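Before any comments, here is the structure.
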Amino acid sequence: MGKKVLVIGSGPSGIFTCGALSSDKSIDVKVYERASQIGGQWAGLRTDLVEDYGHRHSSLYRGLWINGPKEAGIELPNYQFEKDIPSYFKQPQMVKYLEGYVDHMNIRQKFHVSMNVIKTEFNDTTNQFHVKTENTATKEIHDEIFDYVAVATGHFSMAHDPHFKGEESFKGKYIHAHDFIDGKLYKGQRVLCIGGSYSAEDIALQCWKFGAEYAHITHRSQKQLAYPDWPKEVLERPILTNIEGNTVTFKDGTTGEYDVIIKCTGYLHSFPFLPKELNLKCRNVMVPSGLYNQCVSLQNSQLFFIGMQDQYYTFTMFQLQGFYMREVVLNKIQVPDFSGRLAEYEADRAEGAALKDCYDDIHFQTRYVNKLAKLTGEQNVDASEVFVRWENQKHKSICGFRNEQFRSIYTGHLAPPVPTKWTEDMS
Ligand code: NA7
């Protein structure tokens, strides 16, 4: 009898893991999704989900464009975008792609929505997982047994929400990036974004584009930023040290006045359905903690975590991790015992610690996806040249990089130009 595999979550990591596992018909795959529709973050601005389960999963905001081209780790070799799709686009196009993949792979029947996994335990005697799930619509509880579990619940939905000195005294709107819904709401406002990464740069620019009086960014370290073409209303400042009323003081002693503060301080990995011994304590870093081959639990080789790393490659990496899992489930690849897993993880960590900049990160993750492709016999998805070009373009023009066109790494087809430039797109 085929192995029973549960995939938890139906965002991109769950969808592509399901597709990859299902490429072998002997594997019995089931995907549980707690929301009422599939798609995870990309399913959109579903504030209705707060009512579904008390927490809005998606961190998307209105008007969001993808921040890297589709040719960089998004487009899959086995399911390509239509020829008339530009390199950069917005959420509806992404949803179309995800839905299209599900139909193309004929896997829709494997997805079960409104199913919240509440408990996952491993039985050492039977070597199987006992999984408890609640149907959020009917409130019925289901108990099931699986041989393998893939955790594909993402890690950009639970806000990392640190406290900043004096924040209680702030007189304006104080939110986390997760609750940022629309740049248009901040027209005429004085905005401060805290953080030095993707959310800070994109949200500050989004506020600027829709008419904020100014949008400043305060950071303790820069992952990106320092762009030469910041609009004059967007300014990078040292990390804040104090908030008093509407006045924020920065480390260099300067101050600023703000109506809105948005904490763009990232997200937490959170797996409340896993017991302590199987849980993953991890940050948004290139080598996720506690995983062998960046996707297998050190504690249990039947438990996989998909897409837990800081990502350059996204959809292509998720699918390759799914292919890797397929090979393990089929016993075509043997995962080493605990000490073997630990030794390789430590080696990965040492390599990760030596990465100096985004270009090192890109090549590191490229080596990882190339390794997965080789191990599984699947098509290579090396997009390192695209990523390097993207980084260079972004560092040249943060306001203009989304106007660029890229060639498919599979067919060489050049994507058409965007119909409206990012700066001119006010929808
Ligand atoms: P990231 O990329 O995890 O970045 C979080 C940022 O927040 C990073 O610059 C952190 O600085 C900063 N941070 C976190 N805690 C603090 C405190 N206490 N004080 C000051 N600054 C802090 O999250 P994003 O939301 O920007 O991006 C997430 C994904 O969304 C990204 O991968 C894209 O795919 C889209 P640190 O580096 O820790 O010094």
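The values are calculated or read from the model by the stated rules, or taken from the named source; none is laboratory data. In this text, all values refer to a predicted model and were calculated from it rather than measured experimentally. Cβ coordinates were reconstructed from backbone atoms using ideal geometry, including for glycine residues, and neighbour counts include every protein chain displayed.
Can you tell me which residue in the stretch 206-222 is surrounded by the most Cβ atoms within 10 Å (Cβ to Cβ), limited to those that are at negative phi and more than 16 Å from the ligand (Cβ to nearest atom)?
Restricting to residues being at negative phi and more than 16 Å from the ligand (Cβ to nearest atom), the top hit is 212.
Picking from 303, 235, 320, which residue would you name as being touching a residue at least 12 places away in the same chain (Cβ under 8 Å), more than 16 Å from the ligand (Cβ to nearest atom) and over 20 Å from the mean Cα position of the chain (by Cα)? Outline the logic, then answer.
On the way: 303 fails: over 20 Å from the mean Cα position of the chain (by Cα); 320 fails: over 20 Å from the mean Cα position of the chain (by Cα).
Exactly one of 303, 235, 320 is touching a residue at least 12 places away in the same chain (Cβ under 8 Å), more than 16 Å from the ligand (Cβ to nearest atom) and over 20 Å from the mean Cα position of the chain (by Cα), namely 235.
Scanning the stretch 180-205 for residues that are free of Cβ contacts under 8 Å to residues at least 40 places away in the same chain and either under 15 Å from residue 160 (Cβ atoms) or near the ligand (Cβ under 8 Å from one of its atoms) (or both) gives a single hit, 196. Among the residues making up the stretch 281-299, those that are away from the ligand (no atom under 16 Å from the Cβ) and either more than 17 Å from residue 314 (Cα to Cα) or touching a strand residue (DSSP E or B) at 6+ places or on another chain (Cβ under 7 Å) (or both) are 290, 291, 292, 295, 296, 297, 298, 299.
Let's see how each residue does on (1) part of a loop (DSSP other than H, G, I, E, B); (2) within 27 Å of residue 383 (Cβ to Cβ); (3) over 25 Å from the mean Cα position of the chain (by Cα):
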| site | (1), (2), (3) |
| --- | --- |
| 70 | yes, yes, no |
| 82 | yes, yes, no |
| 93 | no, yes, no |
| 97 | no, yes, no |
| 102 | no, yes, no |
| 119 | no, no, no |
| 126 | yes, no, yes |
| 132 | no, no, yes |
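Residue count for the stretch 255-293, restricted to those that are outside any loop (DSSP other than H, G, I, E, B), among the charged types (D, E, K, R) and surrounded by 14 or more Cβ atoms within 10 Å (Cβ to Cβ): 1.
Go through the residues of the stretch 402-415 one by one and say whether even a single one is assigned to a helix (DSSP H, G or I) and crowded, with 17+ Cβ neighbours inside 10 Å. Looking through the stretch 402-415, at least one residue is assigned to a helix (DSSP H, G or I) and crowded, with 17+ Cβ neighbours inside 10 Å. When 153, 125, 136 are checked against the criterion of being of a type in the set (Val, Ile, Thr) and either in contact with a His (Cβ under 6 Å, 6 or more places away or on another chain) or at pLDDT below 95 (or both), 136 stands alone in meeting it.
Residues that are outside any loop (DSSP other than H, G, I, E, B) and more than 20 Å from residue 240 (Cα to Cα) within the stretch 159-188 comprise 178, 179, 182, 183, 184, 185, 186, listed in sequence order. Put simply, of 367, 341 the only residue that is surrounded by fewer than 23 Cβ atoms within 10 Å (Cβ to Cβ), touching a residue at least 40 places away in the same chain (Cβ under 8 Å) and more than 19 Å from the chain's Cα centre (by Cα) is 341. What about residue 138, is it of a type in the set (Val, Ile, Thr) and in a loop (DSSP other than H, G, I, E, B)? Considered against the rule, which asks whether it is of a type in the set (Val, Ile, Thr) and in a loop (DSSP other than H, G, I, E, B), residue 138 comes out as yes. Counting only residues that are more than 14 Å from the ligand (Cβ to nearest atom) and either in a loop (DSSP other than H, G, I, E, B) or over 20 Å from residue 70 (Cβ atoms) (or both), the stretch 306-317 holds 1 of them. Got at least one residue in the stretch 191-213 being among the aliphatic types (A, V, I, L, M), modelled with pLDDT of 95 or more and touching a Ser or Thr at 6+ places or on another chain (Cβ under 8 Å)? Yes: the stretch 191-213 contains one or more residues that are among the aliphatic types (A, V, I, L, M), modelled with pLDDT of 95 or more and touching a Ser or Thr at 6+ places or on another chain (Cβ under 8 Å).
Taken across the stretch 297-308, residues that are out of contact with any Lys or Arg (no Cβ under 6 Å at 6 or more places or on another chain) and over 25 Å from residue 121 (Cα atoms) do not occur at all.
Checking each residue in the stretch 1-21 for being under 16 Å from residue 316 (Cα atoms) and either of a type in the set (Ser, Thr, Tyr) or assigned to a loop (DSSP other than H, G, I, E, B) (or both) picks out 10, 11, 13, 17. All conditions but one from (1) within 11 Å of the ligand (Cβ to nearest atom); (2) within 17 Å of residue 167 (Cβ to Cβ) apply to residue 243; the one that does not is (1).
Against the definition (under 27 Å from residue 283 (Cα atoms), at pLDDT 95 or above and part of a loop (DSSP other than H, G, I, E, B)), how does residue 382 come out, yes or no? Yes, satisfied.
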